[in-house]
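Have a look at this one before I ask anything.
The values are calculated or read from the model by the stated rules, or taken from the named source; none is laboratory data. Since this is a predicted model, take the numbers as computed values, not measurements. Counting neighbours? That spans all protein chains shown, and the Cβs are built from the backbone with ideal geometry, glycine included.
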Amino acid sequence: MCGIVGHLGPKNSVNIVLEGLKRLEYRGYDSAGVSYIDEHNELQIYKKTGKLENLKNLLGDQDFKARMCIGHTRWATHGEVNDTNSHPHMKDHISIVHNGIIENASTLRKQLTASGYEFKSQTDSEVFLSLLVTELAKGKGFKKAMVDSFAQVEGNSAFVVLNKDVNEIMSIKKGAPLVCGINEVNSEVFISSDPYALAGMASKLYFPGDEVLCHLSASNKNLLNFYDLEGNPTENYMSKNQDMSVGPTDKGDFEHFMLKEIHEQPELIRSLTQFYFQGEGLKSLLKAGEFKPSKFHITACGTAYYAGLLIRDFIETFNRIPCSTELASEFRYRNPLLNKDEASLFISQSGETADTLAAQELCTTNNVKTLSVVNVDGSTLFRNCDDNLLIRAGIEIGVASTKAFTQQALTGRLLSLSLSDELKDETKRVALTAKFSLLAEKIDHLISRSEEIKTIAESIHNHKGFFYTGRGKYFPVALEGALKLKEIAYVHAEGYAAGELKHGPIAMIDEDMVNVALVGPELFEKTISNIQEIKARKGIIVTIGPKDEEELEELSDYYFGIDFDGLDELSPVYINIVNQLLAYYIAKYKGTDIDKPRNLAKSVTVE
């Protein structure tokens, strides 16, 4: 969600922070701002609603001399979207940026107001600023005031604070992403909510644990120091060399990142098996398959949850291990039954999803083995789980996930192979490699037919609502297809098991309702019957199903035939590529902001 970038060093800090914020635009935001200490040792603050370009226009062509700066892109939680509620927030010699939510903000605000503090914004973030100012006014040092202020707030948050009086930046967090970086050659130190912001700038990254105070100071022998809540040095952090590049932010010849990322999928599929069967991933895949749990708790949010439904089908079909697939936002609040002989599988693109992290913490507390399927090496989920399988999708810029979904589902299929011990059988590995390769080849061919999908999208994009239907293993991608359309085209869409329509939703069907029917070779006749029920009520039928089927062609207003031969359990991943392209072109005809849809964030770091 919100993006944080901070810098301290001999170079122009403002420009470095602006570059970092630009890289985080893909996360989703509604305003941006920076705070820095200028050449006259004055604390300056600039912030503006809208895109980062608005902030740059506000800053103008100043010749910045700043050697210390913090910046922020905000995704609103407390308080409407306006310049005042934008970050950073400033009082006297202190400015702060904040990610997350202070759950007891209302109570603290009342107490602080009663004691005489005058709030300028509606945000919960300013509550922490007021606490910090109050603690400093008691004569406490910066470090002690940070710790004592942090102790009073509840919820998951990351705070980064610039203090002009001591020319230092400090940060502390709980349950929110935070990464520090150093470039020793240039005597620079960085802090951010996302390691991608620091790519090519920091040579080494540090991922602090919760309740670790991060201290950035040019006057210290070490530019970066870590302390526990007692003020003692701590090694409660993970460090790694920075190996990320900024190349993927280039759209190339594509109009949108989402379209580029759809096109990237065939090559990513090919490289996935190479990494896990011939590359360094084999060791982690074998390790993940060693533990044979009595049950899997598969937990995720949004698109990752729908990928989890496919992984459930793989594990139950090929391993006969029962799976419970649940939304992370509900999992821990229903007091789930957790046993030590079970395992929990957590799926996330960012590895920073707050609800998923909370569910993982619950399982760890109950001594349940935890495993992640995640895209970001070094993310909080990656660090917290016992074992990890990287999906290797590369940086996904489009907020609506496409390639990450495909890689998550296929990584789950690889896990299933490992759980069955067939991973050790070269014949089985070769067979699955060939199936993955066939899937990539068929997706390549499907993408080459994009103009056909675009034509269908043009014809149906103005209809009032959409029902995506599928049976059996196609039901999860009916849910995912509807979600994609909602996310980027802003139209009402629902995913249903096709057999459930007559149990209520069929009341919605009329001549302005579109049914996107996902039909596979399995349960073919039953699915045909469900389509006929909608057709009888004048619904518009868009069928994505087996090629050269006369019955489907006759039933459908629009028919897109595809070749399922040889794909078997991977067929849902294949048919979902059509969902992605259909949503993309409908959104394009509706003129929405496809890569940065309204109200959404790439990494959902609040509950």
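So how many residues does the stretch 528-579 have that are in contact (Cβ under 8 Å) with a residue 60 or more places away in the chain, touching a Leu at 6+ places or on another chain (Cβ under 8 Å) and over 20 Å from Lys464 (Cβ atoms)?
Residues that pass the stated criteria total 11.
While we're looking at this one, here's another question. When the residues of the stretch 26-65 are narrowed to those that are in contact with a helix residue (DSSP H, G or I) (Cβ under 9 Å, 6 or more places away or on another chain) and in a helix (DSSP H, G or I), which ends up modelled with the lowest pLDDT?
My answer is Tyr26.
Shifting gears a bit: Among the residues of the stretch 541-567, count how many are small (Gly, Ala, Ser), outside any strand (DSSP E or B) and at pLDDT 95 or above.
1
Moving on to the next point. Out of all the residues in the stretch 283-299, is one or more without any contact (Cβ under 8 Å) to a residue 40 or more places away in the chain, over 30 Å from Cys180 (Cα atoms) and in a loop (DSSP other than H, G, I, E, B)?
Yes, the conditions are met somewhere in the stretch 283-299.
Which members of the stretch 295-339 meet the condition of being within 15 Å of Thr353 (Cα to Cα), β-branched (Val, Ile, Thr) and surrounded by 23 or more Cβ atoms within 10 Å (Cβ to Cβ)?
Ile298, Thr299, listed by residue number.
For (1) farther than 21 Å from Glu533 by Cα; (2) in contact (Cβ under 8 Å) with a residue 24 or more places away in the chain; (3) crowded, with 23+ Cβ neighbours inside 10 Å, each residue gets a yes or a no:
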residue: Ile447; (1), (2), (3): yes, yes, no
residue: Thr469; (1), (2), (3): no, yes, yes
residue: Ala478; (1), (2), (3): no, yes, yes
residue: Lys484; (1), (2), (3): yes, yes, yes
residue: Gly499; (1), (2), (3): no, yes, no
residue: Lys502; (1), (2), (3): no, yes, no
residue: Asp512; (1), (2), (3): no, yes, no
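Here's the yes/no breakdown for (1) surrounded by 18 or more Cβ atoms within 10 Å (Cβ to Cβ); (2) aliphatic (A, V, I, L, M):
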site	(1), (2)
Ile182	yes, yes
Asp194	yes, no
Asp210	no, no
Ala218	no, yes
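Sticking with this structure for a sec: Could you pull out the residue among Val147, Val212 that is within 25 Å of Gly100 (Cα to Cα) and touching a residue at least 60 places away in the same chain (Cβ under 8 Å)?
Testing whether each residue is within 25 Å of Gly100 (Cα to Cα) and touching a residue at least 60 places away in the same chain (Cβ under 8 Å) leaves just Val147.
Still on this structure: Report yes if Asp425 is loosely packed, with under 14 Cβ neighbours inside 10 Å, modelled with pLDDT under 95, touching a strand residue (DSSP E or B) at 6+ places or on another chain (Cβ under 9 Å) and not small (Gly, Ala, Ser), otherwise no.
In short, no.
Also: Quick check, is Glu25 without any contact (Cβ under 8 Å) to a residue 40 or more places away in the chain, surrounded by fewer than 22 Cβ atoms within 10 Å (Cβ to Cβ) and among the charged types (D, E, K, R)?
no
Can I ask one more? Of all residues in the stretch 450-470, which are more than 17 Å from Ile262 (Cα to Cα), of a type in the set (D, E, K, R) and in a helix (DSSP H, G or I)?
Passing the criteria: only Glu458.
Quick test of your reading of the structure: Asn367 fulfils all but one of (1) more than 27 Å from Ser239 (Cβ to Cβ); (2) touching a strand residue (DSSP E or B) at 6+ places or on another chain (Cβ under 6 Å); (3) surrounded by fewer than 16 Cβ atoms within 10 Å (Cβ to Cβ). Name the failing condition by number.
So the condition that Asn367 fails would be (2).
Report those helices (runs of 4 or more DSSP H) wholly inside the stretch 315-400 carrying at least 1 residues which are in contact with a helix residue (DSSP H, G or I) (Cβ under 8 Å, 6 or more places away or on another chain) and β-branched (Val, Ile, Thr).
By residue number, 354-365, 380-384.
Another question, if that's okay. Report every pair of residues separated by at least 6 positions or lying on different chains whose Cβ atoms are under 6 Å apart, first residue within the stretch 124-144 and under 24 Å from Ser86 (Cβ atoms), second among the charged types (D, E, K, R).
Val127/Arg109; Leu129/Lys91; Val133/Lys91
Would you confirm whether or not the stretch 434-443 contains a residue that is in contact with a strand residue (DSSP E or B) (Cβ under 9 Å, 6 or more places away or on another chain) and either buried (at least 17 other Cβ atoms within 10 Å of the Cβ) or touching a residue at least 24 places away in the same chain (Cβ under 8 Å) (or both)?
Yes.
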